[in-house]
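The values are calculated or read from the model by the stated rules, or taken from the named source; none is laboratory data. Because the structure is a prediction, the values reported are computed rather than measured. Quick reminder, even Gly has a Cβ in these numbers, built from the backbone with ideal geometry, and neighbours come from all protein chains shown.
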Amino acid sequence: MKENEISSIIIGCAIEVHNTLGPGLLESAYQQCLIYELEKVGLGVDKEVKMPIIYKEIKINQGYRIDLLVEKKVVVELKTVESLIDVHEAQLLTYLKLGKYKLGLLLNFKTKLMKHGIRRMVNNL
C-alpha cells in the first residue's frame, strides 16, 4: 500500500476517534484510540518509535520519539493544542528527514472539527 492510501485511512480513523471522543482529552487517550482504529482496519502501527540523531560520524540517542509510524511508511505526530504552530510542523519535517520517510501527518485533536487539525507534510528527500 502506498503512502497516500495509508494517509487517507489514517485521516478517516482520526476523524472517527475525534467524532466519538470530541476535543479536550490528553494526547495519550487519542493515541490509544487511534491505534485501535488503525489496527482494526488491518494497518501495522508502531508506537513511540525511537528517533536517534545522526550528526556527522556520531549517533546521538536523545530520546526523541515518533508518536506513531504506520505501515513503516507514514509518520503521525499527535497534538492536543489550541492551534498548530510552525515548530510543530518543523518537528514533523525533522522526523521525516531523519527517518528518510516520505509522508507525515500532524494531527491536532483539540479542534472543533478534526478537518481543521490536520496537516499533511511531504519530505522531498
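Numbers for the structure displayed
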read-out	value
Residue tally, condition of a type in the set (Phe, Trp, Tyr) and within 11 Å of the chain's Cα centre (by Cα), over the range 90-119	1
Those strands (runs of 3 or more DSSP E) lying entirely in the range 60-125 with at least 2 residues more than 18 Å from LYS50 (Cα to Cα) and in contact (Cβ under 8 Å) with a residue 60 or more places away in the chain	118-122
Leading residue by the ranking (farthest from CYS13 (Cα to Cα)) among those in the range 67-86 that are modelled with pLDDT of 95 or more and aliphatic (A, V, I, L, M)	VAL81
Test set (1) farther than 22 Å from ILE9 by Cβ; (2) touching a Phe, Trp or Tyr at 6+ places or on another chain (Cβ under 7 Å) - ASN123 fails condition number	(1)
The range 37-59, subset at pLDDT 95 or above and part of a strand (DSSP E or B), residue surrounded by the most Cβ atoms within 10 Å (Cβ to Cβ)	VAL45
Qualifying positions in the range 1-25 - farther than 15 Å from VAL41 by Cα and in a loop (DSSP other than H, G, I, E, B)	LYS2, GLY22, PRO23, GLY24, LEU25
Residue count, the range 60-76 (criterion: surrounded by 21 or more Cβ atoms within 10 Å (Cβ to Cβ) and not aliphatic (A, V, I, L, M))	1
Complete set of residues in the range 87-113 that are within 17 Å of ILE10 (Cβ to Cβ) and of a type in the set (Ser, Thr, Tyr)	TYR95, TYR101, THR111
Residues satisfying the stated conditions in the range 80-104, i.e. closer than 23 Å to LEU21 by Cβ, surrounded by 14 or more Cβ atoms within 10 Å (Cβ to Cβ) and out of contact with any helix residue (DSSP H, G or I) (no Cβ under 6 Å at 6 or more places or on another chain)	LEU84, HIS88, LEU92
